[in-house]
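These notes are about the structure you will find just below.
The values are calculated or read from the model by the stated rules, or taken from the named source; none is laboratory data. This structure is a prediction, so every number in the text was calculated from the model and none was measured. Methodologically, a virtual Cβ is constructed for each residue, glycine included, from the backbone with ideal geometry; neighbour enumeration extends over all protein chains shown.
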Amino acid sequence: MLTSLSISISKIPSFLPPNEKPASPYIFPFPVVQELGQKVSFSSHVLSAFKGTGFLSAIDRAIEEEKYRRARAEVHQKGVDLEGYLIDGISIGGHETCVVVPSLNAAFDIGKCPLRAVNQNYLFITHAHIDNMGGLPMYVATRELYHLCPPTIFVPPCIKEDVEKLFDIHRTMSQDRLNVDLVALEVGETYEMQNDLVVRPFKTHHVIPSQGYLIYSVRKKLKKQYTHLKGKQIEKLKNSGAEITDVVLYPEVAFTGDTMSDFMLDPRNSDAMRAKVLITEATFLNEEFSIKHARQRGHTHLFEIIEHAQWIRNKAILLTHFSSRYKIEDIRQAISKLQPKSSAKVVALTEGFKSIYS
């Protein structure tokens, strides 16, 4: 990548031709790799000409300013585009998790009910920890406030009764209707969201009952026995009333919520491991905390994902739920170790995390 740095005239070295004044600001072009901060190479006679001019320190300052600008932009960046899906949200271990996929009209877990989740008609709750479902009454109440239709909320069957009690308590206290379609969906069951989308829960492994959710697109595919036919022959068959297509489910987006890495090794979760996009957690990232420490708390260590990378068939992975002890730079440095091990594009959801440049 070629770029230029603008340096004030006062920093121009004395080897410029006498009485020749450059245009202001002086543009000094040189190659800079994508990761700014690598040293720029100059020949020894050029370096000696720069000595004492302050020009090199000006370059260093400009590079640092560019790194700062990029880091600040990352802090304020909203959402990431993966395989045609714009994915937004916030996921900080122990604080809140809510991931929104607007094109699916879906939010996964509700955290503290960020406003961007309110417009999504479908909400998928993975488990009953407060940082994952604490904002549930607020989500439903805010939709009522905005005169939106009652949402469809999916929960593990084992918590449905308690969730109904939770809404009843809030109805009693607030005198709000809190209308909701609460659906208890078992692992392996299929629910039709709309004509071309269905959802199916899959098994995850946390310290309390949990499940992930996999969204499939529904498409029709010509039956194998008819693939040799030409267009007019196929049309004739169709007009005769023959069923010429099969319904095929294509795994699109899988969301695990909080889980140990065991879900990756479960053959029944093979569809989740080949979905276009896998959204999963990596609470711990380095040697400071062990894999054993992560598993005792029902979470995944990044080292486990690296170890099981051969099972990843996804096109993109969005890692979430990092411990709040990490900064953005820690997260990016850690997950860069996974990228060479996986053919999938690996991205981190870092909204809400601080940068060293903050």
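What the table shows:
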{"quantity": "Residue count, the range 105-117 (criterion: aliphatic (A, V, I, L, M), outside any loop (DSSP other than H, G, I, E, B) and surrounded by 22 or more Cβ atoms within 10 Å (Cβ to Cβ))", "calculated": "3"}
{"quantity": "Unique match (being free of Cβ contacts under 8 Å to residues at least 24 places away in the same chain, assigned by TED's automatic domain parsing to the domain that holds residue 216 and charged (D, E, K, R)) among 315, 292", "calculated": "292"}
{"quantity": "Out of 188, 241, 212, sole residue that is small (Gly, Ala, Ser), in contact with a strand residue (DSSP E or B) (Cβ under 8 Å, 6 or more places away or on another chain) and either exposed (fewer than 12 other Cβ atoms within 10 Å of the Cβ) or not assigned by TED's automatic domain parsing to the domain that holds residue 152 (or both)", "calculated": "188"}
{"quantity": "Residue count for the range 208-242, restricted to those that are under 30 Å from residue 317 (Cα atoms) and assigned to a strand (DSSP E or B)", "calculated": "11"}
{"quantity": "Residue satisfying condition, being more than 21 Å from residue 132 (Cα to Cα) and not assigned by TED's automatic domain parsing to the domain that holds residue 255, within set 343, 358", "calculated": "358"}
{"quantity": "Qualifying residue in the range 124-147 (condition: surrounded by 15 or more Cβ atoms within 10 Å (Cβ to Cβ), assigned by TED's automatic domain parsing to the domain that holds residue 210, at pLDDT 60 or above and assigned to a strand (DSSP E or B))", "calculated": "yes"}
{"quantity": "Filter result for the condition that a residue is free of Cβ contacts under 8 Å to residues at least 40 places away in the same chain, outside any helix (DSSP H, G or I), touching an Asp or Glu at 6+ places or on another chain (Cβ under 9 Å) and not small (Gly, Ala, Ser), over 246, 176", "calculated": "176"}
{"quantity": "Residue 217 of a type in the set (Gly, Ala, Ser), over 22 Å from residue 97 (Cβ atoms), exposed (fewer than 15 other Cβ atoms within 10 Å of the Cβ) and modelled with pLDDT of 95 or more", "calculated": "no"}
